[in-house]
Amino acid sequence: MVDDSRITGFYKLSREERVKKLKEVTGLSDEELEPLVDPGMVDMGVLDHMIENVVGSMTLPLGIATNFLINGKDYLIPMAIEEPSVVAAASNAARMARDHGGFTATDTGPNMIAQIQTINVLDPESAKLKIMEVKEDLLAFANEQDPILVRFGGGAKDLRVRIFDSKVGVMLVTEIIVDTRDAMGANAVNTMAEALAPRIERITGGRVILRILSNLAEFRLVRSRATFDKELLGGEEVVNDIIAAWAFAEADPYRCATHNKGIMNGIDAVVIATGNDFRAIESGAHSYAAMNGYSSLTKYEKSQEGHLVGSIEIPMAVGLVGGATKVHPAARASVKILGVKTATELGHVIASVGLAQNLAALRALASEGIQKGHMALHARNVAATAGARGDLVDIIAEKLVKEKNVKVERAKELLEEIQR
């Protein structure tokens, strides 16, 4: 936990100075931060047991987003991503929300869905009623599969049955709703579904095929809202234009695809940094956005004072126990920097970052255009690709932007001129 997530001039510091400042602000030791600061120190033996056929590792840049105030608490937020401008944009948007209380986040609880697919059911409506008649017994049996989860307040909480037509005939799908507490929950819900399958077959007279969780975690939603200062945004006209830009995404799926991708820029970066499953979060987010026709995961409106009010609602199946979050030392370090204590709190943070990222993108699109800031940061990558190191990266990047010629060939020419 940090006392204040505002670090003036953080981006102007050298990498070594940023690390030093991070230690001061978080109180974490060299040993705790080492997996992030020096990825080469991560034990390959650990990675070798995470997946198959390991030969090495792929390192992504990890930056720290500043200025985040969420539910009255300050956070420094680790973000692992290769795309320029994302970390800076999220930090800037968070700054614009601070004077109005930052972000307020709520949730529906850490509930996941496990599905049991049954085919060849002769009387599906009757079978549905038979399942519901023994609902409590089925839930009790499911909870016998994970007594530890139940002891911590989680476990199977509810059950529903859906019937629908498919290309292979009528299907009866039994779904159990499981409170997975601080775990993402895939293993827990899959185990329960597999245990219940024979009972479902006996009740329905059908044949069970799949017993698997759904990543459309509609019972594990996180909501976050914030008010962004109109003056910091650039005035009320910019506020109106941002709302118009969002309305474009609401009306057109072609625009909405890129709009929601921008949200996921921020969300995925934190999910990856903390060792969570970004593919699950992506599939859940986009399927949730498509439930009633593909639409924006965020909403925007104007307050009476003319400020911009933004909100986001998104499935957030993340965990703090199990998986890479506990195994990978860099993920553990990221969680320590965040200082989150529960998976729900982590979900609050991630959703708030998604909202901040989206606001920053809309502001850029509705005012100077996305390329100005993006290309300024992209120019640094181009300079580095051309072989520039140290201070030369910024010198060459500045020249590339000034010339409006952000290309590797030109960067190489500038580098040769300076070196001569």
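For region 99-137, enumerate the residues that are charged (D, E, K, R) and more than 23 Å from G169 (Cβ to Cβ). If the condition is that a residue be charged (D, E, K, R) and more than 23 Å from G169 (Cβ to Cβ), then D99, D107, E133, K135, E136, D137 are the ones that fit.
Quick one: count up the residues across region 55-72 that are in contact (Cβ under 8 Å) with a residue 60 or more places away in the chain and more than 22 Å from L308 (Cα to Cα). If you could, list the steps in order and put the result at the bottom.
Here is the first cut: in region 55-72, the ones in contact (Cβ under 8 Å) with a residue 60 or more places away in the chain are 60, 62, 64-71.
Next, from what is left, pick out any that are more than 22 Å from L308 (Cα to Cα): 60, 62, 64.
Of the residues in that region, 3 qualify.
Sort out for me the strands (runs of 3 or more DSSP E) sitting completely within region 140-254 that have 1 or more residues that are within 18 Å of I116 (Cα to Cα).
Values: elements: 155-166, 169-179, 207-214, 221-228.
In region 140-254, 155-166, 169-179, 207-214 are the strands (runs of 3 or more DSSP E) which contain 1 or more residues that are within 18 Å of I116 (Cα to Cα).
Within region 69-93, can you find the residues that are farther than 22 Å from T59 by Cα and part of a loop (DSSP other than H, G, I, E, B)? Result: N71, G72. Scanning region 192-202 for residues that are farther than 13 Å from V161 by Cα and in contact with a strand residue (DSSP E or B) (Cβ under 9 Å, 6 or more places away or on another chain) yields M192, A193, E194, A195, L196, A197, P198, E201. Pairing each residue of region 73-88 that is assigned by TED's automatic domain parsing to the domain that holds S334 with any residue that is surrounded by fewer than 23 Cβ atoms within 10 Å (Cβ to Cβ) and in a loop (DSSP other than H, G, I, E, B), provided the two are 6+ apart or on different chains, yields C-beta distances under 6 Å for D74/V2; D74/D4; L76/V2; A80/L60; E82/L60.
Somewhere in region 124-133, is a residue assigned to a loop (DSSP other than H, G, I, E, B) and modelled with pLDDT of 95 or more? Checking region 124-133: not a single residue is assigned to a loop (DSSP other than H, G, I, E, B) and modelled with pLDDT of 95 or more.
One line per residue, one yes/no per condition, for (1) hydrophobic (A, V, I, L, M, F, W, C); (2) over 30 Å from R255 (Cβ atoms); (3) surrounded by fewer than 24 Cβ atoms within 10 Å (Cβ to Cβ):
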residue: T342; (1), (2), (3): no, yes, yes
residue: E345; (1), (2), (3): no, yes, yes
residue: G354; (1), (2), (3): no, no, no
residue: S367; (1), (2), (3): no, no, yes
residue: T385; (1), (2), (3): no, yes, yes
residue: K399; (1), (2), (3): no, yes, yes
residue: N405; (1), (2), (3): no, no, yes
residue: E417; (1), (2), (3): no, yes, yes
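The values are calculated or read from the model by the stated rules, or taken from the named source; none is laboratory data. Nothing here was measured: the structure is a model prediction, and the numbers come from that model. As a convention, Cβ positions derive from the backbone with ideal geometry for all residues, glycine included, and neighbour counts pool all protein chains shown.
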